[in-house]
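**Student:** I have a structure I would like to understand better, so I am pasting it below and will then ask my questions one at a time.
The values are calculated or read from the model by the stated rules, or taken from the named source; none is laboratory data. This is a predicted model, so every value here is computed, not measured. Cβ atoms come from the backbone with ideal geometry, glycine included; neighbour counts cover every protein chain shown.
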Amino acid sequence: MAINWFPGHMAKTRREIKENLKLVDAVIEIRDARIPRSSSNPDVDDICGNKPRLILLNKSDLSEAKITNQWIKSLSSENVKAISVNSISGDGLKNIKPALNEMLKEKHDRKKQKGIVNIIDRVMVVGIPNVGKSSFINKMARNSIAKIGDKPGVTKSKQWIKTKIGIELMDTPGILWPRLDSEEVQYNLAFTGAIKDEIMDIETLALKLVERLQDSYPERLMERYKIQALSEDSLENLNNIARKRGNVISGGEIDYNRVAVMLLDEFRGGKLGKITLERP
């Protein structure tokens, strides 16, 4: 697959981020805890420069906690901190303000010396499509301000959102890089729904997911689909999953579209358990 994924609004977003960076104290970058590397945007490091950055490993309820903690240690540095969150339930969001206070301590101290007591942190929120950015903003604001959708690319323009904890959030549309050259990254994004299913071969995608899971989490496939033993052949395993779920058509042929949709839905919904597809 050579997916060209750079709609016009994404090019505009990248320009806007550079232009508006001077308006904010820090950047919150949201990634998918299941694929922290693939769900990052390589441009962000360059664009943000030395601006303090807080990386939120979102959807942590779907990822393996032990590996998420490894990612937090790996990603954190002097100017970058990482924490795990779940924007739907709100888990971990209480750690955002203390993390920002720590990163912005010098700036806060200077303001206090000038007699400024009510300090508001202005923060830009960035992230690839469908990583949970709008859900995060709505949870922080405690009402549905940002548009939410389960399709990539719902947010199309910049907007400011106030919270009750001394943080103002600048929302930006989701961004990806101009070309996805790594096949592994392409599939990781597709598995988790960051790339629209409409531009993928969903049956091949399901087969690739089985291939990945039979190597990394074989017990999850066996337990979920009541398979006694897995084959080394991912197609045979997919066929067995289809038969167990009744995804067959007349004559006993496999309905690959049905089994593909079912498998991807169950993976994305966490029904196969907590799974992380990338290690630091």
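**Student:** Determine whether region 241-255 contains at least one residue that is within 21 Å of the chain's Cα centre (by Cα), among the hydrophobic types (A, V, I, L, M, F, W, C) and at pLDDT below 95.
**Tutor:** First pass over region 241-255, keeping only residues within 21 Å of the chain's Cα centre (by Cα): none.
Checking region 241-255: not a single residue is within 21 Å of the chain's Cα centre (by Cα), among the hydrophobic types (A, V, I, L, M, F, W, C) and at pLDDT below 95.
**Student:** Is it the case that region 244-254 has a residue that's touching a Lys or Arg at 6+ places or on another chain (Cβ under 6 Å) and in a loop (DSSP other than H, G, I, E, B)?
**Tutor:** Within region 244-254, one or more residues are touching a Lys or Arg at 6+ places or on another chain (Cβ under 6 Å) and in a loop (DSSP other than H, G, I, E, B).
**Student:** Now, a different point. Go through region 15-42 and give me each residue that's in a helix (DSSP H, G or I) and in contact with a Ser or Thr (Cβ under 9 Å, 6 or more places away or on another chain). Break it down into steps so the answer makes sense when it comes.
**Tutor:** First, pick out the residues of region 15-42 that are in a helix (DSSP H, G or I): 15-23, 42.
The answer is E16, I17, N20.
**Student:** Look through region 247-280, keep the residues that are among the polar types (S, T, N, Q) and in contact with a helix residue (DSSP H, G or I) (Cβ under 8 Å, 6 or more places away or on another chain), and return whichever of them is surrounded by the fewest Cβ atoms within 10 Å (Cβ to Cβ).
**Tutor:** The first filter runs over region 247-280 and keeps only residues among the polar types (S, T, N, Q), leaving 247, 250, 257, 276.
Among the residues that remain, those that are also in contact with a helix residue (DSSP H, G or I) (Cβ under 8 Å, 6 or more places away or on another chain) are: 247, 257, 276.
Working: N247: 20, N257: 12, T276: 24.
Result: N257.
**Student:** So, one more: Among the residues of region 264-273, which ones are closer than 18 Å to G132 by Cβ and either assigned to a helix (DSSP H, G or I) or touching a His at 6+ places or on another chain (Cβ under 8 Å) (or both)?
**Tutor:** L264, D265, F267, R268
**Student:** Would you mind telling me which numbered condition in (1) touching a helix residue (DSSP H, G or I) at 6+ places or on another chain (Cβ under 8 Å); (2) within 20 Å of T163 (Cβ to Cβ); (3) modelled with pLDDT under 90 I88 fails?
**Tutor:** Going through (1) touching a helix residue (DSSP H, G or I) at 6+ places or on another chain (Cβ under 8 Å); (2) within 20 Å of T163 (Cβ to Cβ); (3) modelled with pLDDT under 90 one by one, I88 breaks only (3).
**Student:** Suppose we filter region 64-120 for residues that are among the charged types (D, E, K, R), loosely packed, with under 11 Cβ neighbours inside 10 Å and not in a helix (DSSP H, G or I); how many remain?
**Tutor:** 2
**Student:** Further question on the same structure: If we scan region 222-236, do we find a residue that is modelled with pLDDT of 95 or more, assigned to a loop (DSSP other than H, G, I, E, B) and of a type in the set (S, T, Y)?
**Tutor:** yes
**Student:** Another question about this same structure. Checking P36 against (1) buried (at least 22 other Cβ atoms within 10 Å of the Cβ); (2) free of Cβ contacts under 8 Å to residues at least 60 places away in the same chain: exactly one of these is not met. Which one?
**Tutor:** Unmet for P36, out of (1) buried (at least 22 other Cβ atoms within 10 Å of the Cβ); (2) free of Cβ contacts under 8 Å to residues at least 60 places away in the same chain: (2).
**Student:** Being outside any strand (DSSP E or B) and of a type in the set (K, R) is the filter; apply it to region 50-63 and report the residue that is nearest to R220 (Cα to Cα). I'd like the intermediate steps shown before the answer.
**Tutor:** Initially, region 50-63 is screened for residues outside any strand (DSSP E or B), giving 50-52, 59-63.
Filter once more, so that each one left must be of a type in the set (K, R): 51, 59.
On the way: K51: 41, K59: 19 Å.
Filtering first and then ranking leaves K59.
**Student:** Show the residue pairs that are 6+ apart or on different chains and have beta-carbon atoms under 9 Å apart, the first residue being within region 207-236 and closer than 13 Å to V259 by Cβ, the second being surrounded by fewer than 18 Cβ atoms within 10 Å (Cβ to Cβ) and of a type in the set (V, I, T).
**Tutor:** Hits for this filter: L221/I227.
**Student:** Return the total of residues in region 79-135 being farther than 25 Å from Q159 by Cβ and over 23 Å from the mean Cα position of the chain (by Cα).
**Tutor:** Number satisfying all stated conditions: 13.
**Student:** Here's something else I'd like to know. Any residue in region 110-132 that is out of contact with any strand residue (DSSP E or B) (no Cβ under 9 Å at 6 or more places or on another chain), at pLDDT below 75 and not hydroxyl-bearing (S, T, Y)?
**Tutor:** No, every residue in region 110-132 fails to be out of contact with any strand residue (DSSP E or B) (no Cβ under 9 Å at 6 or more places or on another chain), at pLDDT below 75 and not hydroxyl-bearing (S, T, Y).
**Student:** Quick one: would you say L21 is at pLDDT 85 or above, within 25 Å of K105 (Cβ to Cβ) and under 9 Å from the mean Cα position of the chain (by Cα)? Lay out the reasoning, then the answer.
**Tutor:** On the way: at pLDDT 85 or above: yes; within 25 Å of K105 (Cβ to Cβ): yes; under 9 Å from the mean Cα position of the chain (by Cα): no.
The answer is no for L21.
**Student:** Would you check if S144 is modelled with pLDDT under 80 and over 15 Å from the mean Cα position of the chain (by Cα)?
**Tutor:** Working: modelled with pLDDT under 80: yes; over 15 Å from the mean Cα position of the chain (by Cα): yes.
When the stated conditions are applied, S144 passes them.
**Student:** From the list V261, V210, V185, which one is assigned to a helix (DSSP H, G or I) and within 19 Å of the chain's Cα centre (by Cα)? Please lay out each step first, then the result.
**Tutor:** Working: V261 fails: within 19 Å of the chain's Cα centre (by Cα); V210 fails: within 19 Å of the chain's Cα centre (by Cα).
The unique qualifying residue is V185.
**Student:** Go through region 152-179 and count every residue that is surrounded by fewer than 17 Cβ atoms within 10 Å (Cβ to Cβ), assigned to a loop (DSSP other than H, G, I, E, B) and modelled with pLDDT of 65 or more.
**Tutor:** Qualifying residue count for the region: 3.
**Student:** Within region 41-59, track down each residue that is farther than 14 Å from S84 by Cβ and modelled with pLDDT of 90 or more.
**Tutor:** Of region 41-59, the ones farther than 14 Å from S84 by Cβ are 41-53.
Passing the criteria: K51, P52, R53.
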